[in-house]
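Bear in mind these aren't lab numbers, they're just calculated from the coordinates by the rules spelled out. Please read all numbers here as calculations on a predicted model, not as lab measurements. Reconstructed Cβ throughout: ideal geometry from the backbone, glycine too, with neighbour counts over all protein chains shown.
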C-alpha cells in the first residue's frame, strides 16, 4: 500500500529523482518556477517510491520530473501521478501540458503526443545537458488535457 501526498520537501524529491535516472540538480531549495510537487510513500516502510513536480516554464505547464522506483513500476504509480498532475493543471485553468520524456512509450500510452522540437515552446533543458544525444534522447511531448469520467468521479467523491 502507498500514499500520495503533496510535498514541500523539494530537496528530498530532487535526490529521489536523481537516484532514479533524471537529470536534476540535488540538494537545492525549491526553484521559483515549481508550482507543486507530490511524493508517493510506501506505507509499510515510509520509503519514497515515486514523485512528480509541475513547473511553469515560459508560461507553459510542464511536467518537470516524474519518477517511480524500479521495484514499484508495475503498480501503476506513474499513471496515478500523471493523472494527479493533469487534474491539478485543470484546477488551475490549464488545458494543455508539456514534458520532456525519457521514456516516451509510457507517455504515449497516456495520450501524450511527440512534438518536433522546432514546433514546441522553449521548455527543454536538454540542449545544455552533456548526456543529450549521447546516452539520452528524450522527446518533447504535449497533451491537450480534457476531463474524463475518472476525473469527474474523483471530483464528485465517488471513488
*Using a Förster distance of 22 Å, how high is the FRET efficiency between residue 144 and residue 58, based on the Cβ-Cβ distance and rounded to 0.05?*
0.75
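To make sure I understand, if each residue's beta carbon is the centre and we count other beta carbons within 10 Å, what order do 44, 36 fall in, fewest to most?
Listed from fewest to most nearby Cβ atoms, that is 44, 36.
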_Relative counts (whole %) of C-alpha pair distances in the range 2-156, using bins that are 5 Å wide_ = 2, 9, 18, 23, 23, 16, 7, 2, 0, 0
*asked:* As an exercise, use a Förster radius of 22 Å and the Cβ-Cβ distance of residue 35 and residue 74 to find the FRET efficiency, rounded to the nearest 0.05.
replied: 0.15
*Say R0 is 30 Å: what FRET efficiency, to the nearest 0.05, do residue 122 and residue 95 get from their beta-carbon distance?*
0.90
_Compute for the range 1-89: radius of gyration divided by Kirkwood radius, i.e. Rg/Rh, restricted to C-alpha atoms, rounded to two decimals._
0.94
*In nm, to one decimal, how far is the residue 115 label point from the residue 18 one, both placed 7 Å along Cα→Cβ?*
3.0
*With an 8 Å cut-off on Cα pairs and a minimum separation of 6 or more residues, tell me the relative contact order of the range 1-121 in percent.*
19
